[in-house]
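To start, the structure under review is shown below, and the notes come after it.
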Amino acid sequence: MSSDQCKRLEGYCKTIWGEGDDYEFDVETDDYEYYQIFVGREQDGRLCPLTATSVCCGEESAWRDLERMLQVWATQVETGKPMTKEQKLTIFGGPRGDLRDVIELVDRVLAEKLLESMVDGNCS
């Protein structure tokens, strides 16, 4: 990652999660073919995870996905408005939108569970 890219990524992180300690970018791979990048920052002496890319083919692809995610997310935060469903799908749906269906399914299941708990009178 270039120093310019690092500055951009840290700028996006500060927009999303606020000023403070430096943000850490942890590149993970299990076979040097597929990569994922985790974003975190130290809080109270421990590293707290904030977000992660989807699994990408190649390290450069993972860095591009991270920049895409954080740029869209930071732009959304700057509007001061709540995140829309479409923005959430764009940010977290993967570089080609491959995960959009999964996110929509999880949202539906969570909404159904919430509705069930409300109907049962168990709002926890």
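The values are calculated or read from the model by the stated rules, or taken from the named source; none is laboratory data. The shown structure was predicted, so the numbers you read here are calculated from the model rather than taken from an experiment. So basically every Cβ, Gly included, is an ideal-geometry build from the backbone, and we count neighbours across all protein chains shown.
Per-structure values
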| item | result |
| --- | --- |
| Checklist (1) assigned to a helix (DSSP H, G or I); (2) modelled with pLDDT of 95 or more applied to Cys6, failing item | (2) |
| The stretch 78-112, residues that are in contact (Cβ under 8 Å) with a residue 12 or more places away in the chain, under 23 Å from Trp17 (Cβ atoms) and not in a helix (DSSP H, G or I) | Gly94, Pro95, Leu99 |
| Residues located in the stretch 36-56, provided they are more than 17 Å from Phe92 (Cβ to Cβ) and in contact (Cβ under 8 Å) with a residue 24 or more places away in the chain | Arg41 |
| Filtered residue count, the stretch 28-47, keeping only those that are under 24 Å from Thr75 (Cβ atoms) and not basic (Lys, Arg) | 5 |
| Yes/no for Thr75 being polar (S, T, N, Q), assigned to a helix (DSSP H, G or I) and more than 25 Å from Tyr34 (Cα to Cα) | yes |
| Residue among Glu60, Glu67 that alone is out of contact with any Asp or Glu (no Cβ under 9 Å at 6 or more places or on another chain) and either in a loop (DSSP other than H, G, I, E, B) or surrounded by 12 or more Cβ atoms within 10 Å (Cβ to Cβ) (or both) | Glu67 |
| Selection within the stretch 57-77 - in contact (Cβ under 8 Å) with a residue 40 or more places away in the chain and charged (D, E, K, R) | Glu67 |
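Residues checked against (1) in a strand (DSSP E or B); (2) at pLDDT below 95; (3) buried (at least 16 other Cβ atoms within 10 Å of the Cβ):
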{"position": "Gly20", "(1), (2), (3)": "no, yes, no"}
{"position": "Glu28", "(1), (2), (3)": "yes, no, no"}
{"position": "Tyr32", "(1), (2), (3)": "no, yes, no"}
{"position": "Tyr35", "(1), (2), (3)": "yes, no, yes"}
{"position": "Phe38", "(1), (2), (3)": "yes, no, yes"}
{"position": "Glu42", "(1), (2), (3)": "yes, yes, no"}
{"position": "Leu47", "(1), (2), (3)": "yes, yes, no"}
{"position": "Thr51", "(1), (2), (3)": "yes, no, yes"}
{"position": "Ser54", "(1), (2), (3)": "no, yes, yes"}
